[in-house]
Amino acid sequence: MWKFIHKLASPPHFYGLAAKIIPWFFLPGLILIFYGLYGGLLLAPPDYQQGDAFRIIYVHVPSAYLSLMAYSIMAISAGIGLIWRLKLAHAVAAAAAPIGAWFTFLALATGSIWGRPMWGTWWEWGDPRLTSELVMLFLYFGYMALRGAIDDTAKADRASAVLALVGAVNVPIIHFSVEWWSSLHQGPTLMKKGGPAMDAAMLYPLLAMILGFTLIFGALLLRRVRTEVLYRERRTRWVRHLVLSSAVEKK
Amino acid sequence: MTPRHQRMLAVGLTTAGIVLATALTLRALQDNMMFFISVSEVIAGEYPEERNFRVGGFVVEDSLEIDGLDATFEVTDLRCVMSVRYTGVRPDLFREGQGVVAHGRMGDAGVFEADTILAKHDENYMAPEVAESLATHVDQQTASLADYSTECEPQ
């Protein structure tokens, strides 16, 4: 078991393996998103209260879910990197941050566009769900800024890992904010007690979008980790070999 | 204790400390974390008198009176009920039986003078036809919206 993990975590092995896995994430993800968009925007009936405006859910919910997922992956990888001094784990955390920040931005933007016609406001300061999600965007920014401010990679890894772990306390706060406090945001639909509170024709495209977004996220993450590994290992022999052999091939 | 175990302990204790500190802070700030207060709390007098606040609940059926931009209606949290007066543009989703969050302050006659109203929708999504066939469910909700006065006991 440990032998397998050590082999997986070795940069050259991971670099090659990730290249093989990426298409298996990317293509099914694309197909699921096409189905989800078609099913969600064209096939699903309009909502009994919100009409067609509810359809922004097909981007909003997957983005919001992945903003939390990316942060969890970042924080867990940072923790593993701190404890086991695993360089690959730090590379994963560094690679996850910008993708997570973009999904957070997407969740906030689509939520705002949705809130204007339905609730009657673009943004409400003081709402626990909205504010805690915005705090997470700033945590992502802080993480990336801290990493960028320290030249030494090992030091940057350790400092930013602590920030990632401290900020992780916000993840359950975002998730449970609508249950712990009163909020303009409604409670959970998919993870509601007694099953999802949604018609099947609306639900399946949404689940497809969530899975599709997750697979695309996986492909993007692996791609970014590969780049990160290549940069971090730029002075090693295997990277030099890799660069030289690809230069020879081009000739 | 190996260095790795020490690091594990340090990360674990730090995380536990942060969780505890955050939990205590949020507990202390409980009232400020609320986006709105319930009708029952307002009726019980638990609201700031000198400043604006938000109150949330459902618009009582058959209570909405509209005259141009002026609207008066009653709001209930299924226990207590209070009157709200508002002048301005109303959100599309604002209607009887629907969730609402009103921002403003208490007037002299016990009528809440709102300067902003926001519509709140629930977590259920369904087709209009399905909603119609569930009309019995809606009737039950309307019935419970009418029962409020029996349970509300102002202190």
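For residues that are among the aliphatic types (A, V, I, L, M) and within 8 Å of chain A (Cβ to nearest Cβ), scanning just the stretch B:90-103, find the one that is farthest from B:GLY68 (Cα to Cα). Write out each step before concluding.
Let us first name the residues in the stretch B:90-103 that are among the aliphatic types (A, V, I, L, M), namely B:93, B:100-102.
Checking the rest, the ones that are also within 8 Å of chain A (Cβ to nearest Cβ) come to B:93, B:101.
Numbers: B:LEU93: 17, B:VAL101: 20 Å.
Across the stretch B:90-103, the extreme among qualifying residues is B:VAL101.
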When the stretch A:42-67 is checked residue by residue, the ones that are in contact (Cβ under 8 Å) with a residue 60 or more places away in the chain and surrounded by fewer than 18 Cβ atoms within 10 Å (Cβ to Cβ) are A:LEU43, A:PRO45, A:ALA53
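Might you check whether a residue that is surrounded by 15 or more Cβ atoms within 10 Å (Cβ to Cβ), assigned to a loop (DSSP other than H, G, I, E, B), within 23 Å of the chain's Cα centre (by Cα) and of a type outside the set (Phe, Trp, Tyr) occurs anywhere in the stretch A:203-212? Lay out the reasoning, then the answer.
If we filter the stretch A:203-212 for residues that are surrounded by 15 or more Cβ atoms within 10 Å (Cβ to Cβ), which is where we start, we get A:203-212.
Now restrict to residues that are assigned to a loop (DSSP other than H, G, I, E, B): none.
The answer is no, given that none of the residues of the stretch A:203-212 is surrounded by 15 or more Cβ atoms within 10 Å (Cβ to Cβ), assigned to a loop (DSSP other than H, G, I, E, B), within 23 Å of the chain's Cα centre (by Cα) and of a type outside the set (Phe, Trp, Tyr).
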Among residues of the stretch A:122-157 being crowded, with 16+ Cβ neighbours inside 10 Å and among the basic types (Lys, Arg), the residue nearest to the other protein chains (Cβ to nearest Cβ) is A:ARG129
Only unsatisfied item for A:TRP102, checking (1) more than 14 Å from chain B (Cβ to nearest Cβ); (2) within 25 Å of A:ASN170 (Cα to Cα); (3) in contact (Cβ under 8 Å) with a residue 60 or more places away in the chain; (4) of a type outside the set (S, T, N, Q), is (3)
Per the list (1) closer than 17 Å to A:ARG55 by Cα; (2) touching a helix residue (DSSP H, G or I) at 6+ places or on another chain (Cβ under 8 Å); (3) within 11 Å of chain B (Cβ to nearest Cβ); (4) buried (at least 18 other Cβ atoms within 10 Å of the Cβ), residue check on A:TRP119 breaks on (2)
ask   = of a type in the set (Ser, Thr, Tyr) and within 30 Å of B:GLY99 (Cβ to Cβ) - does that describe any residue in the stretch A:29-42?
value = no
Note on the stretch B:48-87: residues surrounded by fewer than 17 Cβ atoms within 10 Å (Cβ to Cβ) and small (Gly, Ala, Ser) are B:SER63, B:GLY68, B:SER83
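Bear in mind these aren't lab numbers, they're just calculated from the coordinates by the rules spelled out. Note that the structure is predicted; figures quoted are calculated from it, not measured. Every residue, glycine as well, gets a Cβ built from its backbone with ideal geometry; the counts of neighbours run over all protein chains shown.
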